[in-house]
Amino acid sequence: MKIKTLTLLLITCMIAACNSNKKQNDVTDTTDSLVTPPAAETTSGPSSAKKFDLNSVPISDKTLGTFPYFNLPENYEDTSKNTIADYDVAYFWVKDHFEKPEGKIFYSRIKAKEGKSYSDLEVARNLDELIKSVDGVKISEMKVPADSSHTIPDNNRVKYMNGYGFMANAITTTYLIRRADRNIWIQLTPYDDAVSAGWMVLETKPFKMTASLIKADAIKKELDTKGHIALYINFDTDKATIKTESAPIIDEIQKLLTANPNLKIAIEGHTDNSGDAAHNKKLSEQRANAVKAALTSKGIDSSRLQTKGWGSDKPIVENTSEENKAKNRRVEIVKL
C-alpha cells in the first residue's frame, strides 16, 4: 500500500514538473515572437530591372516594300478608311512605359472577310512570323496597366482608336524593326468583341517645319480683299500677356501700319467656349488691348487703333474638338 502511495506521489510530481516547464517554454516562445527580426540586408546599387534600350535592337537590312509594308493573312482585311497620317505621334507600349515615336502612321481594324471565322491567334501568329522574317524584334507582350493607358491623350486615343484596339483589357504586342535611317514600330491589340483587332505601323521621320510667318504685305492683301484677317497670337494661359514667340507677328502688324499711314484697324479678341462666357469676353478684350499697347509702344498712334472683345460669340468653326477650339482662339485685324 505504501509502495502504491509513493508511486502515485512520484507520478504526480513528475506531471507537475512537466507542466511547469511547458508554461515556462510557452512564455519564452511568446516573448521571442515579439522580438523584431533583423532587417534584411539591402544594397544601394542600381535596380536590377533592365530598361528598354532601342539601340540594343539589331539593325535590319532586309528588303521591305512600300509603307505600311505588311499584308494581312489570307481572308482577313482592314476595315478602316483613310487610315494614314502623314506626320503625328503614336503611343507604343514597351514593358513598363510608352514610347512615343513620331512619323508616318498607318492604323486600322482587322476583321475576317465574309465566310471566314476570325481568330486572334491566327492573326497574331501570321504577323509575328512575318515581322520576324525581316528581323523585327518583339519587345513587349502584355496587358497595358489601366492607369498607364490613361496617359494617352484623349484626342490621340480617339483619332487612332481603330489602331489601339481594346488596350489595357487585351494583350498588346509591340514590335520594332530598326533600320539604318529610321525605325518601324508595329503594335497589335485585339478588341473585346472577339472578331477584330487593332493594329498600327509607324515609320519614324524627322519633323519638317512648313509653317511661316504672315508678312505685312500678306496681311494687307487679306485686308484689301476680305476686310479682315485672323492672326494666331499666343498669350499666357488665361492671361493677356503676349508670349515671346508671338513678337514677330506684332512686328509685322507694326510694319503694315507704318507703311500705310492712313490705315486704321480694329483689333478684336476671340476665345473658344470653354469656361465662363463673361470671363471669356473680358479676357478677349484684355488681349485686344494688349496687342494695341504693344503696337503703340512701337510708335503707332493709338487713334488708329480700336479694340473689341467678343469672347466666344463669333466662332469661325464649331467648338466640337480641341483642334476647332484652337482655331477660335484668335485675334482678328479688321480694316476700318
Exercise for the section: Assess whether K292 counts as being in contact with a Leu (Cβ under 6 Å, 6 or more places away or on another chain), closer than 27 Å to S212 by Cβ and among the charged types (D, E, K, R). Expected result: yes
Handout entry: Tally, over region 288-308, of residues that are farther than 14 Å from A230 by Cα and either in a helix (DSSP H, G or I) or touching a Lys or Arg at 6+ places or on another chain (Cβ under 9 Å) (or both)
Key = 14
Exercise for the section: Name every residue in region 306-327 that is of a type in the set (S, T, N, Q) and either in contact with a Leu (Cβ under 6 Å, 6 or more places away or on another chain) or farther than 23 Å from L295 by Cα (or both), in order of residue number. Expected result: S312, N319, T320, S321, N324
Problem - Positions within region 240-252 being part of a loop (DSSP other than H, G, I, E, B), open to solvent by 40 Å² or more (accessible area, probe 1.4 Å) and touching a residue at least 40 places away in the same chain (Cβ under 8 Å), in sequence order - result: T241
Handout entry: Residue list for region 253-265, restricted to those being open to solvent by 10 Å² or more (accessible area, probe 1.4 Å) and touching a residue at least 12 places away in the same chain (Cβ under 8 Å)
Key = Q254, K255, T258, A259, N260, L263, K264
Completion exercise
Those strands (runs of 3 or more DSSP E) completely within region 133-205 that have 3 or more residues that are open to solvent by 10 Å² or more (accessible area, probe 1.4 Å) and over 25 Å from K81 (Cβ atoms) are 137-143
Problem - Members of region 111-132 that are assigned to a loop (DSSP other than H, G, I, E, B) and of a type outside the set (D, E) - result: K113, G115, K116, S117, Y118, S119
Practice task
State whether one or more residues within region 261-280 are touching a Phe, Trp or Tyr at 6+ places or on another chain (Cβ under 8 Å), within 18 Å of N234 (Cα to Cα), small (G, A, S) and not in a helix (DSSP H, G or I).
Solution key: yes
Problem - Subset of region 64-110 [open to solvent by 80 Å² or more (accessible area, probe 1.4 Å) and in a strand (DSSP E or B)] - result: I84, D86, E102
Completion exercise
If we keep only residues of region 296-318 that are in contact (Cβ under 8 Å) with a residue 12 or more places away in the chain and of a type in the set (V, I, T), then the residue most open to solvent (accessible area, probe 1.4 Å) is I316
Fill in the blank from the handout: A careful count of residues in region 223-256 that are acidic (D, E) and within 30 Å of the chain's Cα centre (by Cα) gives 3
Handout entry: Selection status of T225, open to solvent by 70 Å² or more (accessible area, probe 1.4 Å) and assigned to a loop (DSSP other than H, G, I, E, B)
Key = no
Exercise for the section: Give the residue that is most open to solvent (accessible area, probe 1.4 Å), with candidates limited to residues of region 319-336 that are among the hydrophobic types (A, V, I, L, M, F, W, C) and more than 19 Å from K243 (Cβ to Cβ). Expected result: L336
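The values are calculated or read from the model by the stated rules, or taken from the named source; none is laboratory data. Bear in mind that the values here come from a model prediction, so they are computed numbers and not experimental data. Cβ sites come from the backbone with ideal geometry, for glycine too, and all protein chains shown count toward neighbours. Areas reflect the complete protein model, heavy atoms only, side chains present, ligands, DNA and RNA absent. Shrake-Rupley method; radii C 1.70, N 1.55, O 1.52, S 1.80 Å.
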